[in-house]
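Comments concern the structure below.
The values are calculated or read from the model by the stated rules, or taken from the named source; none is laboratory data. Note that the coordinates shown come from a computational prediction; the quantities given were computed from them, not determined experimentally. Heads up, the Cβs are rebuilt from the backbone with ideal geometry, glycines too, and the neighbour counts pull from every protein chain shown. Ligands, DNA and RNA are excluded from the accessible area calculation, which covers all protein heavy atoms including side chains. Shrake-Rupley method; radii C 1.70, N 1.55, O 1.52, S 1.80 Å.
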Amino acid sequence: MNRFSVGTAAALAAAFTISTLSAQSPAPAAEAKVPARVEMTIDSIMRGPDLVGYPPSGLRWSGDSSKLYFEWRRPGEDESSTYVVNKDGGEPKKLSEAEARATPPSSGRWDKARKRMLFDDRGDIVIYDATTGVRRQVTKTSGSEGSPRWARNDTHVTYVSGGNLFIMPVDGSGTLVSQLTDVTQRRTDPRLTESQQFIKAEEQKLLEHVRKEAEQRKKREEDAAKDRLSRFELAGQQQSATDLMLSPDETHVFIVVAERPAGAKNTIVPNYVTESGYVEDIPARTNVGDTQDRRLLAILNIKSSKTTWADGSFAPPVAAAEKPAAAGTTAPDGKPGRAAEREIRWSMPVVSEDGKLVVASARSTDNKDRWFVTLDPESGKSKVIDTLHDDAWIREIGFGGSSVDFLPDGKRVWFLSERDGWMHLYTLDVSADGARARQLTEGKWEISSAELAADGKKFYITSTENHPGERHLYTVSTEGGARTKITSMTGANDATVSPDQSTLGLVYSYSTKPPEVFIMSNKPGAQARPITTTPTAEWRAFKWIDPKVITFKARDGVDVYSRLFTPEMIGAQRDPSRPAVVFVHGAGYLQNAHKYWSTYFREYMFHNLLASRGYVVLDVDYRASSGYGRDWRTAIYRHMGGKDLEDIVDGAKYLVEKEGVDAKRIGVYGGSYGGFITLMAMFTTPDVFAAGAALRPVTDWARYNHGYTSNILNIPQKDADAYRKSSPIYFAEGLTGALLILHGMVDVNVHFQDSVRLAQRLIELRKENWELAPYPVEDHGFVEETSWADEYKRILKLFEQNLRPGSSSSRTTNPSNGNRR
């Protein structure tokens, strides 16, 4: 086989089709005009959104709860448009661009009366009046304004521009905008030599004129300081103020300071197909373990100009070997080279309405500890009120820019936490010394989102309580107690509640039904009325497989959820050779074995094609997938390609034992993390899989980004063993089956370099049964329809040649044992 294959696999261009057969159930009378037989080629499948469209998004209600607005992009359209529909349903109306600009924003900050929403729109500050339905521009400048917040009992707004905080009235009084801070870079006087210092001092002693000039300059500076805005000095060019917030009593400004890493080296991605005709470099990211940015929290007293820094002494020290390198740190006081006892990343605090309580979230940079602390704005002193530790890494869900927020009583905060092993809802009384977090929900299921209701008396939560593969809306009191299930349609229900809480706007989907807008009364079990129909008639005419969500036992006894596609589900017969394919989803922490529409919709259609040709397909939610609790999430800590790969291998064993597939004719494929697992499978369990397609795979985790990788494997210079046993490039000598690698050349996430380095390793190992297909204009997520089609024709050709009769595979071992090298 050629190692580098850049052709178009033209022989397969129109050869593969999937068909509905006469054995399928007849269509309802309303669909009688739909042809009984519908053919679809790989080229057609890989049109993707031109077949199924895009999920509706940005659902928001009018202030009087009478209308629902949303963004919708149908098949064949170049961009989304704004639509509106009455709460009673009916045909949605497409708005003009001018009409769309006058609609409510999809997110923002409500005032206390919940009648006006404050938000930023393309760098300007805007207020939406929910009563009149009118948007009012607060600022309109060539600069960029952001982070708007209400102030002075909702009569003023503050915003950040150019790294400073401003305040202005919103009543149209004509009062000028006021600047509250003066954030500057620290000025350093030239350092004088000893001889220069001597001459300067002697000059003032000898000459009265020089002495008077120096005294007058000092007085001018002191007088100017009295009239000057409260100044906050950044330590240097590497620091910037990313957000500023005024305290309710207008005494303090909280400043989040970001510090760029010193000495970090960014990777470069070459772009070969450019408008200029020359190769151009795309600046990319740093690699895991390189010097990272810092997030500090400063507190400026704008009346006294005194600055304090949030105290992080509560964090236990780390061993000397774990301390950050002095060259890469700058202390809060601006003196470079001081290594913190333990590096902490701060978030912007939340403040009670009366201004008496300030709560901030702080996390260790290794992401193994999280603290909620109360802060004294004047001294910066902190007091820990809640801690969370995970020997692997912490996961939290944030909302409104923070992971904690106050309840209306101004004494309790609420947050989501995995502290009992599952993501659940908690409250904590901040005003009471020694108070402990109170758990409001519990069980072996997870909350995926939570929102405090407009009345402040209950939460709306979306969870997996009904089934791991479903998402439903529930309500629960802020005091805890029984939950009320609102939605009832099997699948995923993403709800937006109307301001009067009477109606829900839903984005709903099912395994065979792409996301659509529905409207329903905010009552348990109420009927939901469909508003949109997105896919083309061509797509809707096909009877797509409703995959069966099953579980199989892994070797350690746990149940592994998966989606199963069989030929019988599409009215086809199994191929006599009994081939099968195991699909590995990407992202690692993602769920795909569920009962709603998959983000892998092209792969879903490809699995229909495979089933129609006699293949059995298994889509596995392996260890580290989302939706199954903390222990499932962290099972790959310090060993990616361990438990997760075992689940894939055990899935293949399930296919042999329960579905009767030929153990010698099983393929595996996936992209990104799925591509990584495919490589590990082909290299370390060569007796299990006859062929594998690795799309945009990570081949060496030491070359991936810091935020994702350091959580799971720590950092390579401190835990080299974890990286070596988790990186496919170290196991390439185990390849015996047929391997296809496919990668976009301008991938700024998993760099093309990963596949290039692996190719060189395979060449040096004198491996022959592999190919590398590069895609010159594609990033991590492919865009061009032609690239998608070429990619999947190659994958199908790989499986057809190696898993069907007459394939070159001649293995004699029993793959169901899953022996690993």
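Observations on the model:
- Filtering segment 71-86 for residues that are on the phi > 0 side of the Ramachandran plot, surrounded by fewer than 19 Cβ atoms within 10 Å (Cβ to Cβ) and modelled with pLDDT under 95 leaves a non-empty set.
- Some residue of segment 538-554 being without any contact (Cβ under 8 Å) to a residue 12 or more places away in the chain, in a strand (DSSP E or B) and not charged (D, E, K, R): yes
- The residues listed here are Pro261, Pro248; of these, the one that is under 21 Å from Gly380 (Cβ atoms), modelled with pLDDT of 85 or more and surrounded by 14 or more Cβ atoms within 10 Å (Cβ to Cβ) is Pro248.
- Residue in segment 402-425 that is among the aromatic types (Phe, Trp, Tyr), surrounded by fewer than 20 Cβ atoms within 10 Å (Cβ to Cβ) and under 24 Å from Tyr589 (Cβ atoms) present: no
- All positions within segment 363-372 that are in contact (Cβ under 8 Å) with a residue 60 or more places away in the chain and not hydroxyl-bearing (Ser, Thr, Tyr): Asp366, Asn367
- Residues of segment 114-126 that are open to solvent by 10 Å² or more (accessible area, probe 1.4 Å) and either part of a strand (DSSP E or B) or closer than 19 Å to Leu246 by Cα (or both): Arg116, Met117, Phe119, Asp120, Asp121, Asp124.
- Single residue of segment 760-780 satisfying the filter (among the basic types (Lys, Arg) and assigned to a loop (DSSP other than H, G, I, E, B)) that is least open to solvent (accessible area, probe 1.4 Å): Lys767
- Candidates are the residues of segment 692-741 that are basic (Lys, Arg) and assigned to a loop (DSSP other than H, G, I, E, B); the one that is surrounded by the fewest Cβ atoms within 10 Å (Cβ to Cβ) is Lys718.
- Checking Thr188 against (1) more than 53 Å from the chain's Cα centre (by Cα); (2) at pLDDT below 85, the condition it does not meet: (1)
- Of the set (1) of a type in the set (A, V, I, L, M, F, W, C); (2) in a strand (DSSP E or B); (3) in contact (Cβ under 8 Å) with a residue 40 or more places away in the chain, all apply to Met520 but (3).
- Residue list for segment 516-534, restricted to those being surrounded by fewer than 20 Cβ atoms within 10 Å (Cβ to Cβ) and under 25 Å from His607 (Cβ atoms): Thr533
- Reported count of residues in segment 798-821, each being modelled with pLDDT of 95 or more and crowded, with 18+ Cβ neighbours inside 10 Å, is 5.
- Residues in segment 127-145 that are in contact with a strand residue (DSSP E or B) (Cβ under 6 Å, 6 or more places away or on another chain) and buried (at least 17 other Cβ atoms within 10 Å of the Cβ): Ile127, Tyr128, Arg135, Val138, Thr139, Glu145.
- Residue check, Val783 in contact (Cβ under 8 Å) with a residue 24 or more places away in the chain, within 20 Å of Gly48 (Cβ to Cβ) and surrounded by fewer than 18 Cβ atoms within 10 Å (Cβ to Cβ): no
- For segment 591-622, the set of residues classified as under 18 Å from Glu516 (Cβ atoms) and of a type in the set (Val, Ile, Thr) consists of Thr599 only.
- Candidate set from segment 635-681 (those that are in contact with a Pro (Cβ under 6 Å, 6 or more places away or on another chain) and open to solvent by 10 Å² or more (accessible area, probe 1.4 Å)); member that is farthest from Ile795 (Cα to Cα): Ala663
- Which listed residue is modelled with pLDDT under 90, open to solvent by 60 Å² or more (accessible area, probe 1.4 Å) and in a loop (DSSP other than H, G, I, E, B), from Pro55, Pro35: Pro35
- Flag for Asp386 being acidic (Asp, Glu), at pLDDT 95 or above, in contact with a strand residue (DSSP E or B) (Cβ under 7 Å, 6 or more places away or on another chain) and open to solvent by less than 60 Å² (accessible area, probe 1.4 Å): yes
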